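Read through the structure below, which is laid out as structure tokens, and then see the notes.
The values are calculated or read from the model by the stated rules, or taken from the named source; none is laboratory data. This one's a predicted model, so the numbers in the text were calculated from it and none came from an experiment. Quick reminder, even Gly has a Cβ in these numbers, built from the backbone with ideal geometry, and neighbours come from all protein chains shown.
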Amino acid sequence: MISFSSPILPESWRNSNMLLLSLIAPPDNLNPEYFSTLLNQYGSVNSVKILNKSLMDYKVLVEMGTPEAAKSAKSFLDQLSSNFIKCSYYYDEKPAQSVSYKNCSLDLINDSTMSTLKYRHSTSLNEIVQEDDKQPTSIRTIPSSQQIIHSTSKIQHSTVLCVNGIKGKNLDAQKLYNIFSNFGNIDKILLIKLKNFAFIKYLKEEYSIFVFQNCQNLQFFDSVVSISFVAEDAIDKLIGLDTLYNQQDYYVGTQETDRFNSNHKMNLFPPSQVLHISNLKKVSSNAETMWDVFSEFGVVEAVKVLNTQYKFMCLVKMETLQQALETMALMHNEEIDNRNIQISFTKAKI
């Protein structure tokens, strides 16, 4: 095995078409087909080999068709998440026993199958995610006897999503609920601020699929989020590791908090600049009040009043989708004139 300790890699390593992936809390039924499908859009995938399968140390070796394809795939994975998937180049040529590069030190380790965590007796996930940020990257020589699996199947769905890139002041699980409950009833949410990601578990798989298809690459507070499927028990595996999260970072849904009646047909709408504001009082359901309230969260482009004899509602259009998302996160279920307003996405236009 070769280990190195530097953010600056030798140029020859960057030209490798081999990628080594390390995952945290992957789905239990994750297989080579997932990675082949995921990375095939960035170039041909020659082979996928799963090296180790555990919650703490799940590693996958991917051989792309060309170094250019490997570079594109790595760029995608680096943006996807520095928390769920870590990606490094793999280089299978053994250097001399002692080799020096500028700003990079290499040492040959005889045990080619040794894990960096092999001799740790008590390790929490919190230690692992912190260690990944500061420890040298490890690159392993894989015995040729291990079978290489070629595959091209569909990505495996689950009810649990990993939302990567969660950054912003005063964000907590409740504010994530305010947004993601628009797309289906939620079972649990766990926000890991330490690593800027959250797990969201829906009651039905159709909800998580809708989010996966409609909420990728949203500008949300201080960053762009990306979304991937994870194991059904991903949240349960982390509950109890209280050094990872605070009480307000864990949310458990109930029938009282569900936005949708499970017995009725549900219309799910993707995120939009136009917000539907309901449960208003008559005195506050006017354009002037709505303009004043929502201008605190961005530029209001338009307001439309939708009052009936018994219901008082409005449409508010924000200047950008980012402002609409942040407005919903901060204002859903908040009080206006002593009544908790409800905010949802809509396909209506103003």
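The table for this structure:
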| item | result |
| --- | --- |
| Test result for Gly253, exposed (fewer than 13 other Cβ atoms within 10 Å of the Cβ) and under 24 Å from the mean Cα position of the chain (by Cα) | no |
| Count - residues of region 251-271 that are of a type in the set (A, V, I, L, M), in a loop (DSSP other than H, G, I, E, B) and at pLDDT 85 or above | 1 |
| Within region 62-76, considering residues that are buried (at least 21 other Cβ atoms within 10 Å of the Cβ) and within 24 Å of Ser158 (Cα to Cα), the one modelled with the lowest pLDDT | Ala73 |
| Sole exception among (1) more than 22 Å from Lys188 (Cβ to Cβ); (2) among the polar types (S, T, N, Q); (3) under 32 Å from the mean Cα position of the chain (by Cα) for Asn286, by number | (3) |
| Check on Lys188, touching a helix residue (DSSP H, G or I) at 6+ places or on another chain (Cβ under 8 Å), closer than 21 Å to Gln255 by Cβ and of a type in the set (D, E, K, R) | yes |
| Residues located in region 21-61, provided they are in a strand (DSSP E or B), more than 21 Å from Ile227 (Cα to Cα) and modelled with pLDDT of 85 or more | Val45, Asn46, Ser47, Val48, Lys49, Ile50, Leu51, Leu61 |
| Flag if Lys304 is in a loop (DSSP other than H, G, I, E, B), farther than 21 Å from Asn214 by Cβ and outside the structural domain of Phe221 (by TED's automatic domain parsing) | no |
| Failed condition for Trp291, given (1) in a loop (DSSP other than H, G, I, E, B); (2) surrounded by 14 or more Cβ atoms within 10 Å (Cβ to Cβ); (3) aromatic (Phe, Trp, Tyr) | (1) |
| Scope region 156-171; condition at pLDDT below 95 and either surrounded by fewer than 19 Cβ atoms within 10 Å (Cβ to Cβ) or in a loop (DSSP other than H, G, I, E, B) (or both); matching residues | Gln156, His157, Ser158, Gly165, Ile166, Lys167, Gly168, Lys169, Asn170, Leu171 |
| Subset of region 183-204 that is assigned to a helix (DSSP H, G or I) and either surrounded by fewer than 23 Cβ atoms within 10 Å (Cβ to Cβ) or assigned by TED's automatic domain parsing to the domain that holds Thr327 (or both) - its residue that is modelled with the highest pLDDT | Lys193 |
| Where a residue in region 29-51 is among the charged types (D, E, K, R) and its partner, wherever it lies, is part of a helix (DSSP H, G or I), with Cβ under 9 Å and at least six apart | Lys49/Pro32 |
| Residue within region 258-269 that is under 16 Å from Tyr177 (Cα atoms), surrounded by fewer than 16 Cβ atoms within 10 Å (Cβ to Cβ) and not assigned by TED's automatic domain parsing to the domain that holds Lys193 present | yes |
| Residue match in region 241-253 (condition: closer than 19 Å to Ala173 by Cα and among the β-branched types (Val, Ile, Thr)) | yes |
| Filtered residues of region 208-233 (kept if aromatic (Phe, Trp, Tyr) and either within 19 Å of Gln322 (Cα to Cα) or out of contact with any Cys (no Cβ under 8 Å at 6 or more places or on another chain) (or both)) | Phe210, Phe212, Phe220, Phe221 |
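Every residue, every condition in (1) among the charged types (D, E, K, R); (2) surrounded by fewer than 15 Cβ atoms within 10 Å (Cβ to Cβ); (3) farther than 13 Å from Phe345 by Cα, yes or no:
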site	(1), (2), (3)
Asn286	no, no, yes
Ser295	no, yes, yes
Val300	no, no, yes
Leu325	no, no, no
Met328	no, no, no
